[in-house]
Structures are given as structure tokens and as C-alpha cells.
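Take a look at the structure set out below.
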Amino acid sequence: MKSRIVAGVVILAFSVAAQAQDKYEVKVATFVGPQHFMNKWLEQWGGKLEKASNGRLAFKFFHGAQMAPAPAHYDLARSGQADVSWFLHGGTPGRFPLTELISLPYMAGSAEIGTKTLNDAGLRSKYLDAEHRGVHVLLLLTHQPGNVHTTRKPIRTADDFKGLRIRFSAPTIRDFVAALGGTPVGVPPPDQLEMLQKGTLDGVFIDYGGAGIAFKMGGTLKYSTEMYSYVSSFGVAMNPDFYRKLPADLRKLVDDSTRGVEKEVGEGWDALDAIGKKLLVEGGDEVIKLPPQEDARFRRIGDQVIEAKLKELEDKKLPARAVYKQMKALSEKHARTSRNFWQ
């Protein structure tokens, strides 16, 4: 009897030791090219985990929507086709209604503020993580506030939106475009430039970094109206089955790797603003700054869009107003210690 117990202990020890030495390839899917800041950050993140795991984690990146178009990236992680995916919430309108409240007009004055807000432990545990069914969320984030950019007609007042076909990045911005009198058009991120060049789009709501760096719109865009009116939200998630099969020490490494990175990620996105703007201006873009009275007019229209969206979601029995109030309070709190494009 004693010998069988000893043998069992030895077998268990060998099994644990073998598991500790197992290697795991981590397939990471992204929807823009490798030059994008977030992809570079993810590669550095993967490199740190490879080193911390002594090579037991090995990352392989599939940039530029190699695995699937941008709207499918959440499901890449959910289905296990990818082990980790970076996805855009607005790519699947209506799927993350509470998370996307961060994209309501004038909710966050920087990526740092938006990213800190979305990763608040109380907000996530009570409301946001439940929307991300079928994945293990590693990080939520936003880009820096975006502006409206056009190819032919400058936007100097709210009236100038009338009749323009404008690409929106999220359902909340779709509603903002419509409230301003424009025609909102849903376009996957990689298709924006071609549609602008063909004239099937008159303009886009996008951040400077996205316009100038990621999607290389310099030379095509002719006017940029600085509203800094919205942020788009994203997530980085791991397939839950892949996560569960990792040994406990590697799961801890993965979870710890994205804790406390909100400032770093937010500052990285915010730094793209000046770089992207410079590239557009070098391509002939005119920067338009709104006078205070016109900025206030845009914000009043934004308030109408906010109220309409909250009522719409409340009619669906969603706690939209409670989430909005918590996000707004967190945004105002983090604005005191973070970069803010509205100041």
C-alpha cells in the first residue's frame, strides 16, 4: 500500500513538472498593420511574457486582418481561432451597448482618461465584463479623442455637416452625425481611404493618429475640424479555453501583465495625435479650430444625442443611466491627473 502511494506521488510530481515545462504558442490577431502603435505595444507585451515565462509562452502575431475582417475579431478570440485578439467594439454595433457609452460625445478628453475609466474595477465587474461573453478580457482601452476630417467641404460650423456622407466609428457617433444633419455611413476601418478617394465618403470621424499614421490619409484629407468630441473603445481578450489550459503560474503572469498599464497605453495613444496631425498637414490638410460659441453648439447637440441614447437603452431595460453617470464621474476624476485635449 505504501509503495503504491509513493508511486502515485512520484507520478504526480512528474506530471506537474512536465506541465511546468510545456510550451504554448499564443496566436494574436489584430486588424491593422504592424506599424500601428497598439500592435507595437502588443508585440512588446508578448515579448515581456515570453521572457517572464522562460520561453514557455511563444507569441505569433497576425496583423492586418490576416485572420478575418475587423468586425470578426471579437469572435476570433471567442471561438479559439485566435488565442488573443485586439478588437473594436464599434465593429459589431449593438453588441456592447454599455461599454460603448464611453463613445458618447464628449465623454473622455484623452485616451489616458478613457482607458483608465474603462478599466475601473467596479465598473468592469458590475457592468462591462458581463457584456464580453465567451472571452477572458485582458484590457479595455480607447484611442485619443477624434475629429471630423473631410475631403472637399470644410466644416466650420454645425450647419456644414448637412448632406455630407460621414463614416462613423461607433453607434453613438452614428447618432451624432445624424443629429448634426450628416448622413452616417458604416465602413470597416481598412476601407475608409479607398472610399474617400472614390468620393463615396465625404469625410470620416477618426483620431489624428488613425488618419495620419494607421490609414495613411495624408494627401486625401483636405480639412480637419478639431472637435476632440469622442473616443472609440477597444478590447484585448484571450480565448477562455486557452486561458484555462495554461498552468496556474502562467495564468497569473498573463493577468498581471495588463494590470496597471492604463496610463502607459493611454499616453501612447495620446502621443499619436501630434504625429498624425503633422502627417496630414504635410499632405495639404487645413486644420480648423472651432470658436468657443461653435464648440458649445456642438456640445449641446452632443447632449441631445446622449439623452436619446440613454432613453433608448433604458427602454431595453439596460442600466444605461447608471453606467453613464459612473463613467462620467470616473472621467472627470481622471481628467484631474491625466492629459486632457479639452484644456
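Worth pointing out:
- Contact order relative to length of the chain, as percent, for alpha carbon pairs under 8 angstrom and 6 or more apart: 24 percent
- Rounded percent of accessible protein surface that carbon and sulfur make up, region 227-294, 1.4 Å probe: 58 percent
- Rounded if a/c under 1.5, otherwise prolate or oblate - region 24-72, Cα gyration tensor axes: oblate
- Once divided by 2.2 N^0.38 Å, the Cα radius of gyration of region 30-101 becomes 1.20.
- By the helix-only formula, in which each DSSP H run with n ≥ 4 contributes -39500 (n - 2.57) and the sum is divided by residues, the chain has a 222 nm mean residue ellipticity of -13500 deg cm²/dmol.
- In region 279-343, the chymotrypsin sites (Phe, Trp or Tyr not before Pro) that fall in loop regions by DSSP, at most 15 other Cβ within 10 Å: TRP342
- Helix 320-335 axis, angle to the chain major axis (alpha carbon atoms, nearest 10°): 90 degrees
- Based on Cα contacts under 8 Å between residues 6+ apart, region 208-334 shows a relative contact order of 43 percent.
- Folded to 0 to 90 degrees: helix 2-21 orientation relative to the chain principal axis, Cα: 30 degrees
- Accessible surface calculations at 1.4 Å, restricted to protein heavy atoms, place region 62-122 at 24 Å² per residue.
- Net charge contributed by nearby residues that have their C-beta within less than 9 Å of VAL287 (K/R +1, D/E -1): -1
- Restricting the trypsin sites (Lys or Arg not before Pro) of region 46-133 to loop positions (DSSP other than H, G, I, E, B) with no more than 13 neighbouring Cβ atoms within 10 Å leaves ARG133.
The values are calculated or read from the model by the stated rules, or taken from the named source; none is laboratory data. All figures in this text were calculated on a predicted structure; none of them were measured in a lab. Note that we place each Cβ from the backbone using ideal geometry, even for glycine, and neighbour counts take in every protein chain shown. Just so you know, the surface numbers come from the protein's heavy atoms only, side chains and all, with ligands and any DNA or RNA stripped out. Shrake-Rupley method; radii C 1.70, N 1.55, O 1.52, S 1.80 Å.
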